[in-house]
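Reading through the structure tokens given below for one structure.
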């Protein structure tokens, strides 16, 4: 792969955007490689996937030089280009493993979209987030579906219509970021979260993630019904049986 690095260290898979000279900007090649790496790690014996950026920034958005080269391209080529990034977002959502964005520096435009698409966002205290597409006459179209669900309609529209820059703390306060870590502790604490996720039963994590996003398409009563089915199905898994026995044996040992 040309624009990313993919590694697997025990239960943790890692995808690193590796275009630091371009602030890890996204182009068609990078999007295709991201989707390929995500699929590979979904099939690999890892339990959690982290996405980070090489150098000081997570991802500064779309590669504008690549977009400039496409200005006079046929409309279908632009649609195909947008579909490549959409495929990345779909793949993250469909994966049964949790995908965690580790954000240092700037996560702007498509980079903020990539972080928003992940299940969990861990931010360095100096990280910055923005959706500034409208400032260059573009539309933050790919991220809207996820952003308005993450932070609510009013805040989401504020962010995408002004392009204002958020600090890590403000991003956390509005629900865009899961946790913010101090600079000196970021790597250590991020790894701790990844290990926590990896320690959970894969069958339980997979069922939890599947139901969590399925609820986007269901009304209240249908959501409760889907929860009943997931609850009952979980009770028949080896992981649940072992977990219950382990818990009850600990209680017996203490009594």
Problem set entry | Within region 209-241, considering residues that are without any contact (Cβ under 8 Å) to a residue 12 or more places away in the chain and in a loop (DSSP other than H, G, I, E, B), the one nearest to residue 92 (Cα to Cα) | 218
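Take residue 81 and tell me if it is touching a helix residue (DSSP H, G or I) at 6+ places or on another chain (Cβ under 9 Å) and either assigned to a helix (DSSP H, G or I) or crowded, with 24+ Cβ neighbours inside 10 Å (or both).
Values: touching a helix residue (DSSP H, G or I) at 6+ places or on another chain (Cβ under 9 Å): yes; either assigned to a helix (DSSP H, G or I) or crowded, with 24+ Cβ neighbours inside 10 Å (or both): yes.
Here the answer is yes, as residue 81 does meet what is asked.
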Exercise. Tally time: how many residues in region 183-207 are without any contact (Cβ under 8 Å) to a residue 60 or more places away in the chain and touching a helix residue (DSSP H, G or I) at 6+ places or on another chain (Cβ under 8 Å)?
Worked result: 4
Exercise. Out of (1) part of a helix (DSSP H, G or I); (2) within 20 Å of residue 20 (Cβ to Cβ), the odd one out for residue 57 is which?
Worked result: (1)
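Can you confirm whether residue 100 is closer than 30 Å to residue 224 by Cβ, in contact (Cβ under 8 Å) with a residue 60 or more places away in the chain, in contact with a strand residue (DSSP E or B) (Cβ under 9 Å, 6 or more places away or on another chain) and in a strand (DSSP E or B)? Before the answer, list the steps.
Numbers: closer than 30 Å to residue 224 by Cβ: yes; in contact (Cβ under 8 Å) with a residue 60 or more places away in the chain: yes; in contact with a strand residue (DSSP E or B) (Cβ under 9 Å, 6 or more places away or on another chain): yes; in a strand (DSSP E or B): yes.
Judged against the criteria, residue 100 is a match.
Go through 244, 151, 229 for me and flag whichever is surrounded by 10 or more Cβ atoms within 10 Å (Cβ to Cβ) and touching a helix residue (DSSP H, G or I) at 6+ places or on another chain (Cβ under 8 Å). Working first, answer last.
Details: 244 fails: touching a helix residue (DSSP H, G or I) at 6+ places or on another chain (Cβ under 8 Å); 229 fails: touching a helix residue (DSSP H, G or I) at 6+ places or on another chain (Cβ under 8 Å).
Checking each option against the conditions leaves just 151.
Among 136, 160, which is the only one that is over 16 Å from residue 85 (Cα atoms) and modelled with pLDDT under 95? Steps first, please.
Working: 160 fails: modelled with pLDDT under 95.
Checking each option against the conditions leaves just 136.
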Problem set entry | Residue satisfying condition, being surrounded by fewer than 22 Cβ atoms within 10 Å (Cβ to Cβ), within 19 Å of the chain's Cα centre (by Cα) and over 29 Å from residue 204 (Cβ atoms), within set 112, 130, 141 | 141
Problem set entry | Filter result (more than 17 Å from the chain's Cα centre (by Cα), touching a residue at least 24 places away in the same chain (Cβ under 8 Å) and loosely packed, with under 15 Cβ neighbours inside 10 Å) within region 170-182 | 182
Problem set entry | Residues (in contact with a strand residue (DSSP E or B) (Cβ under 9 Å, 6 or more places away or on another chain), more than 15 Å from residue 58 (Cβ to Cβ) and part of a loop (DSSP other than H, G, I, E, B)) located in region 163-199 | 163, 164, 174, 182
Seminar exercise, completed: Note on region 106-137: residues in contact with a strand residue (DSSP E or B) (Cβ under 7 Å, 6 or more places away or on another chain) and not in a strand (DSSP E or B) are 109, 110, 111, 112, 114, 115, 118, 119, 125, 127, 132
Problem set entry | The lone exception for residue 1 - which of (1) outside any loop (DSSP other than H, G, I, E, B); (2) in contact (Cβ under 8 Å) with a residue 12 or more places away in the chain; (3) surrounded by fewer than 21 Cβ atoms within 10 Å (Cβ to Cβ) it fails | (1)
For this session: May I ask you to verify whether residue 156 is buried (at least 20 other Cβ atoms within 10 Å of the Cβ), touching a helix residue (DSSP H, G or I) at 6+ places or on another chain (Cβ under 6 Å) and farther than 25 Å from residue 55 by Cβ?
Result: yes
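The values are calculated or read from the model by the stated rules, or taken from the named source; none is laboratory data. Please read all numbers here as calculations on a predicted model, not as lab measurements. Please note: Cβ atoms are built from the backbone with ideal geometry, for glycine as well, and neighbour counts cover all protein chains shown.
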